[in-house]
Number of protein chains: 2
Amino acid sequence: MAAHEPATLDSVAARAGVSRQTVSNVLRHPARVAEATRERVLAAIRESGYRPSLPARQLATRRAHAIAVRAERQQDGISGLVLDAFYHGLAEAGQDNGLRVVLYAQPADEAAELEIIDDLVQTGAADAVVLTATSADDQRPAYLSGSGTTFCAFGRPWGHDDEPHDWVDVDGARGTGLAVQHLLDLGRRSIAYLGWPGDGAEPSTGSDRRRGWLETVEAAGLGAPVEARSLNDAAAAEAAVASLLSGADAPDAIVCASDTLALGAHRAAVAAAGGGTPATVVGFDATPVAAALGLVSVAQPIDQAAHLCIDLLTGRFETPDRPARGVLVPPVLHLPA
Amino acid sequence: MAAHEPATLDSVAARAGVSRQTVSNVLRHPARVAEATRERVLAAIRESGYRPSLPARQLATRRAHAIAVRAERQQDGISGLVLDAFYHGLAEAGQDNGLRVVLYAQPADEAAELEIIDDLVQTGAADAVVLTATSADDQRPAYLSGSGTTFCAFGRPWGHDDEPHDWVDVDGARGTGLAVQHLLDLGRRSIAYLGWPGDGAEPSTGSDRRRGWLETVEAAGLGAPVEARSLNDAAAAEAAVASLLSGADAPDAIVCASDTLALGAHRAAVAAAGGGTPATVVGFDATPVAAALGLVSVAQPIDQAAHLCIDLLTGRFETPDRPARGVLVPPVLHLPA
DNA sequence: CTCAAATGTTTGAGCGCTCAAACCGTAACG
DNA sequence: CGTTACGGTTTGAGCGCTCAAACATTTGAG
C-alpha cells in the first residue's frame, strides 16, 4: 500500500535482474522466455505491484485497445432499456479481450456522429465502433466502410447487401414465430399481428418480425391472418387494436412488434373483453412494462449479442481482410413471473 | 480523404515553418503564441487534417483524460432505466471537458469492483470514477478515499458524514414533497406513503423520500398520516396496499418510493375501488411503467446530475485538495402525457 | 548607448512501452 | 574441431506528445 513511484518495465527488470524487453515478453509472449526466468520475473512483478501503462502501450502499438459505442440521447419510451444490458455485455466481453469500451454522446445528427467517430479513431481513443440502432436509411455503415473504420453493427444491413459489413442481429422472425407457437399451444386459433406502418414492404426489423408471425400462422393452417398497424405509441396502438377487435372476425390473440404496441393492444383487449377473457397479447423486447402487465414477451439475448459483436471485432483485428460476417441470434420467450 | 501518413506535431510544424512545441502551444496555450504565427499554424493544422494523438498526450501528461463508470450487471426490473440517461449525460459533459467515459462491467462483488477500478486508474485508463447506486453499507467510497483515487458519487454518503467526499444526489424529500403538494392541489385529503422496509430508521434514500412526504403532510395539517412498507416488488406492494386500503381510514392517495411500488399500489387501488374512483398513486423515477399506467411520478433530473458529477470532478482535478463538496438537485413532477 | 526585462520561439529530455535487429551461449552437425 | 542453427536474451530506436530550460529578439528604462 506504499505510495512508491509506480513500477515500470525498467524497474521490474532491474529487480528481476533481466532486461526491459524480457519483462515485456513475460507478459505478452510468455513462450519466448525460459521457465526459470519467467518465474523470477513474475515474482518481481508481483512484489512491485507492477501495472503496465496503457498509454505507453497504445503509443507503441498504435492501437487503442478500445472500442467506442454510442450513449443514446434519450430512451424513446418503453424500449431502449435493452441498451443497459448491451453496454454491460460489451464491457464484460471487452474486458476478457483486453478491450475497453468508451462512450460517446449521441449528437444531434448523423453527420455530427460520424465526425465524433472519426475523431475517436484518429486520435487513437478507439480502434473500432459498435453501431447500435441501425436502420435501412442509415448513412453510417457506408461511411465507415468507405473511411476504412473498423466497425460492427448491432442490426442487419437492411437492404444493403451490396455493402457487406460485420453485424450481429436478433432473429426477429424467429421471435414472433415463437410467440405464435406459444399462442397455438395455449389453444388460440385466430392470431393477429400488430406491427408498424410499412412493415412488409421494405426489408426492416418490422418486416422481419411480421414475416415470422405470418409464416408460422400460415404453416399452422389457420384461417386468413388479420393484422393492424400503428406508430410505436401506446395510444395509437390502442386505437388500432380497438377497431381490429370490434370486427366480425376478432382475433383471440395478438402478436406485437414491440412492448409499446403490446401495451396499447393490451388496453384495447381488456376494454373490448368487457369483463370476459381478453385476447392474449404477446410483446417484443421483454421490457419491465410487459412484465408489469403480466404479458408474455419476446426477449432479445442482448448479452449474447454484445459478446458476439466483440468476437467479430477481435476477429477482424486479427484478420482485417476477411470477408464480412453476419450473425443471427435466436430470441427466447419471456413468461411473466 | 487521402490515406497519407497521419499528421503529427512535427509534420505540422514543418509545414508551418515553426517548431514542434509552437504547434503544441497553439493548441494548448494559444496565448503564448504570436497572433501571426498562430494563424499560420492553424492553417497548417487545417490543411493537414491534424488530430493530436491521445495516447501520446496521456503518456506525456500522465493523465488519462478519461473517467470510468460502471455498466450495471442487469437492470433490476423497472428502475435502472435512468442509467442510460446518466451515461449520455456523462459522455456529453465529458466531451465538453475533454474527458472520455470508459465503461467497466459490474463484477460479482464489491471487492472485485474495487480491483477493477484500481486497475483502470493504475494502468492510466482513467483518472477518476463516478460511483453509481451508492448505499449506506457501501465499501467503495471509503476504499477509494483511502487509496487516493479521485471519484464522485451519484448518491449521498448516507450515514458517513465523517468521511466526506464529492457527491451529487437528487433531493428525494423534495420529490415526495412535490408529490404530496400535487395531491393536495388535486383535493386529496388522506395521503398515505408506501415505502421500503426500514425507511425512517437509518439515513437512506428511502428515509429521505419518506421524510419529504411526512413533513409536507404534517405541514398541511391533515389527520394522522398512514403508511405501509414493502420490498421493491410489485406483488408485495400490491398486498401491502391492499390491506392499507381495506382499513377503516383508507387513504385517497398514495405516494410511493418507487415506480415498482407504485405499480403494485396502483393495482391494489384499482381492485379496491371496484369500479369506483381508485386512490391516486404517485410513483418515483418517472419510468415508462409509470407513464404506461398513466401515473404521475417524480422525475430525477439525471442529465443535470451527470453534468454536475463532471463539474465536481474537473474542479477536483484542478484543485485536488479542496474540501469535499455535495450537491443536491431538485426533482420535478412528471405528469403522464 | 547599455543592460535588464518582457515576449516569442526552439531545444533537449523523457513519459513507458514494443518492434526489429543484434547478440550470446550451447547443441547439433559434417 | 570448425561451422551452422537455434533458444534465450539484450540493445537501439522510436511511437507523438509535454515539460522545463535555453535561446533569440524586441522593448523600455537608466
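Think of the protein assembly as shown as having a plus end and a minus end, set by charges on the Cβ of Lys, Arg, Asp and Glu; of B:67, B:262, A:27, A:27 sits farthest toward the positive end of this dipole. With respect to chain B, whose longest principal axis is taken over its alpha-carbon atoms, helix B:110-122 is tilted by about 20°.
Please report the base-10 log of the normalised intensity I(q)/I(0) for region B:45-168, using a Debye sum with one equal scatterer per alpha carbon and no solvent, at each q in 0.19 (1/Å). Each listed q maps to, in turn, -1.13. The calculated 222 nm mean residue ellipticity attributable to helices in chain A amounts to -14500 deg cm²/dmol, summing -39500 (n - 2.57) over DSSP H runs of n ≥ 4 and dividing by all residues.
Close amide H partners of residue A:167, meaning residues 5 or more places away or on another chain with modelled amide H under 5 Å apart, are A:153, A:325, A:326, A:327. Taking every residue in B:57-69 and counting other chain Cβ atoms within 10 Å of its Cβ, the average works out to 3. Between the amide H of residue B:192 and those of B:252, B:253, B:254, B:255, distances stay under 5 Å, these residues lying 5 or more places away or on another chain, with hydrogens modeled in the peptide plane.
Short-range pairs are left out: with C-alpha atoms under 8 Å and at least six residues apart, the relative contact order of chain A is 16 percent.
With label points set 7 Å from Cα along Cα→Cβ, the inter-copy distances at residue A:221 are 7.7 nm, sorted shortest first. Dipole magnitude for region A:9-52: about 120 debye, using +1 per Lys or Arg Cβ and -1 per Asp or Glu Cβ, origin at the Cα centre. The angle separating the long axis of helix B:82-96 from the principal Cα axis of greatest extent in chain B is about 30 degrees. Using a simple spin-label model with pseudo-atoms 7 Å out from Cα toward Cβ, residue A:236 and residue A:142 lie 2.6 nm apart.
For region A:9-52, the alpha-carbon coordinates run over 22, 18, 15 Å along the three principal axes, in decreasing order. Taken along the Cα-to-beta-carbon direction at a fixed 7 Å, the label points for residue A:333 and residue B:34 span 7.9 nm.
Classify chain A: rounded, prolate or oblate, from the alpha-carbon gyration tensor (a ≥ b ≥ c, eigenvalue square roots; a/c under 1.5 rounded; otherwise prolate if a/b is larger than b/c)?
prolate
When only the Cβ of Lys, Arg, Asp and Glu is charged (+1, +1, -1, -1), the dipole of region B:46-203 relative to its Cα centre reaches about 720 debye.
Against the main long axis of the alpha-carbon atoms of chain B, helix B:35-48 sits at an angle near 80°. With the simple spin-label model, which puts each label point 7 Å out from Cα in the Cβ direction, the residue A:97 to residue A:246 separation comes to 5.3 nm.
Charge dipole (Cα centre; +1 on Lys/Arg Cβ, -1 on Asp/Glu Cβ; no other charges) of the protein assembly as shown amounts to roughly 1660 debye. With Cα atoms defining each centre, region A:196-269 and region A:1-45 are spaced 63 Å apart in the structure.
Compared with the rule-of-thumb size 2.2 N^0.38 Å for a compact globular protein, the protein assembly as shown has a Cα radius of gyration ratio of 1.08. For residue B:230, the residues whose amide H sits under 5 Å from its own are B:195, B:196, ignoring neighbours fewer than 5 places away on the same chain, with H placed 1.01 Å from N.
No lab work stands behind these numbers, since they all come straight from the coordinates. It should be emphasised that the depicted structure is a prediction, and the values quoted were computed from it without experimental measurement. Note that we place each Cβ from the backbone using ideal geometry, even for glycine, and neighbour counts take in every protein chain shown.
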